[in-house]
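These notes concern the structure reproduced below.
A short reminder: the numbers here are calculations on the coordinates, not readings from a lab. Just so you know, these numbers come straight off a predicted model, no measurement behind them. FYI the Cβ positions are ideal-geometry reconstructions off the backbone, even for glycines, and counts take in every protein chain you see.
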Amino acid sequence: EAEVAQSPRYKITEKSQAVAFWCDPISGHATLYWYRQILGQGPELLVQFQDESVVDDSQLPKDRFSAERLKGVDSTLKIQPAELGDSAMYLCASSRGTLNTEAFFGQGTRLTVV
Amino acid sequence: GNSVTQMEGPVTLSEEAFLTINCTYTATGYPSLFWYVQYPGEGLQLLLKATKADDKGSNKGFEATYRKETTSFHLEKGSVQVSDSAVYFCASSSGSARQLTFGSGTQLTVLP
C-alpha cells in the first residue's frame, strides 16, 4: 500500500540552527500539505501545494520558515533559525486534490529544539 | 473562514461502553467531513468520511452522519475496545483549494 514518506522521524536541534524536513507524497497526488501539530492540539496548516505551486501559505512564518516542491513531487520544509517554540510534530499529507478525496498522512517528524 | 469544533476531552470509558464524540463545523459551501485517528507517536489515519448531507461514514464499528441542518458530524461506536484508545480528530475539507481544517482532537482512553 502506498504511503507518504517523511524523514527524519526525529530531530533534535539547538536553537538558532537550521533544520530541514523531507516529504515524498503518494505517487500521483497533486496536493501536498505541511502541518504543524503542537502536543495536545490539532494539526495546523502551514503550507499547501497544488503540484509545484503554493496554494496557501498564510500561516507559514515566512521570516524563518520556507517550503518548496520544485518538481511537483517531493517537498522540503526548512526552519532557519529554529526557536524553542518550534518544537512540535511536523506532518506531511497528500491527496489527489480532487473533490471529496481524503488526505493521507505520513508518520511525521518530531522536532525538539533545545 | 472554515472551522471545526470538537468535544473537549479527555474521555475515559470502560470496555464495551457506548462512545459519542461531538463535532460541529462552519464552512463555506458544502464541505466533505472526516474523522481521523492518531495513535501515540504516529501520524493521522483516516477513520471514515462523508461527502454530502445525510451520508453516513462507517469503519471498524465507528459511524458518523453528515447533518447539514445542525452542521454536525458526531462520531459514535456502540461498544468500544481497549484498542480504540487514541486521539480522534474531526476535519472538514472545502473550497476550491480543498483546504483541510482540523478540530483540536479528543483523547479517548478505554479501560479493560
Taking Rh as the Kirkwood radius computed over alpha-carbon pairs of segment A:1-104 and applying Stokes-Einstein at 20 °C with viscosity 1.002 mPa s, one gets a diffusion coefficient in µm² s⁻¹ of 153
Excluding residues fewer than 8 places away in the same chain, name every one of the aspartates and glutamates whose C-alpha is closer than 19 Å to that of A:LYS78.
-> A:GLU14, A:ASP24, A:GLU44, A:ASP51, A:GLU52, A:ASP56, A:ASP57, A:ASP63, A:GLU68, A:ASP86
In square nanometres, what is one fourth of the surface area of the convex hull spanned by the alpha carbons of the protein assembly as shown?
-> 12.2
So, in nm, how far is label A:GLU14 from label B:LEU46 when the simple model puts each one 7 Å beyond its Cα toward the Cβ?
-> 4.4
What size of dipole, in debye to the nearest 20, comes out for the protein assembly as shown about its Cα centre when the only charges are +1 on Lys and Arg C-beta atoms and -1 on Asp and Glu C-beta atoms?
-> 220
So which chymotrypsin sites (Phe, Trp or Tyr not before Pro) in segment B:1-103 are both in a DSSP loop and have at most 14 other Cβ atoms within 10 Å of their Cβ?
-> B:PHE18
Output row, site B:SER3, 7 Å Cα→C-beta label point, backbone N cut-off 20 Å, window segment B:88-102, residues B:89-95, B:99-102
Find which of B:THR65, B:TYR39, B:THR28 sits farthest along the positive direction of the dipole of chain B, computed with +1 on the beta-carbon of Lys and Arg, -1 on that of Asp and Glu, about the Cα centre.
-> B:THR28
Loop-resident GluC sites (Glu not before Pro) in segment B:38-112 with no more than 12 other Cβ atoms inside 10 Å, DSSP not H/G/I/E/B, are B:GLU69
In straight Cα distance, which lysines are under 20 Å from B:LYS68, not counting same-chain residues fewer than 8 positions off?
-> B:LYS49, B:LYS52, B:LYS56
The summed charge of the B:VAL11 Cβ neighbourhood (under 14 Å; Lys/Arg +1, Asp/Glu -1) stands at -3
Please report, in whole Å, how far the alpha carbons of segment A:45-87 spread along each principal axis, starting with the longest.
-> 32, 18, 16
Counting every C-alpha pair in chain B, the percent lying more than 16 Å apart is 55
Applying the Karplus parametrisation 6.51 cos²θ - 1.76 cosθ + 1.60 with θ = phi - 60° to the phi angles of segment B:71-83, what ³J(HN,Hα) value in whole Hz is obtained for each residue in order, glycine and proline being reported as x?
-> 6, 10, 8, 6, 8, 9, 8, x, 8, 7, 10, 4, 5
